[in-house]
Amino acid sequence: MDHVRYDQQAPVREIDASHPKYVFDPNRCILCTRCVRVCDEIEGAHVWDVASRGGRSELIAELDVPWGEATSCTRCGKCVAVCPTGALSYQGSAVGEMEHGADLVARLTSAREKGEWIAPEVTA
């Protein structure tokens, strides 16, 4: 593909690198809500949510504060581990370096139910 006839619908959004461990690039986000669900249902923190509707929809931390200022964030990294596009990534590493295992969410859920912690980057 060498050109596009139509104007892009998505606005260019600012990257949030305010968190000490992670980076959020909203331009890569496809609004799959995996991070919202894992943060709420597995971690129990409910840091992430989707704001607005339609083409204006965007992922926000808490009540639209920078991720580094989100007081409910436990810094567990589960949202980063389940992000399929690299919109949530580790500080200082390339998105292409991230590896996702098919059993990751099952391991995280099991660890939550048993009251233990399994680092997302460690494979079983």
Hey, could you check region 30-61 for residues that are in contact with a helix residue (DSSP H, G or I) (Cβ under 7 Å, 6 or more places away or on another chain) and small (Gly, Ala, Ser) and say which is farthest from PRO11 (Cα to Cα)? ALA45
For ILE118, work out the one condition from (1) at pLDDT 70 or above; (2) in contact with a helix residue (DSSP H, G or I) (Cβ under 7 Å, 6 or more places away or on another chain); (3) hydrophobic (A, V, I, L, M, F, W, C) it doesn't fulfil. (1)
Between residues in region 15-44 that are under 11 Å from CYS79 (Cα atoms) and residues that are in a loop (DSSP other than H, G, I, E, B) and hydroxyl-bearing (Ser, Thr, Tyr), which pairs lie under 7 Å by C-beta distance while being six or more apart or on different chains? GLU43/THR74
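The values are calculated or read from the model by the stated rules, or taken from the named source; none is laboratory data. In this text, all values refer to a predicted model and were calculated from it rather than measured experimentally. Positions of Cβ are backbone-derived with ideal geometry, glycine not excepted, and every protein chain shown enters the neighbour counts.
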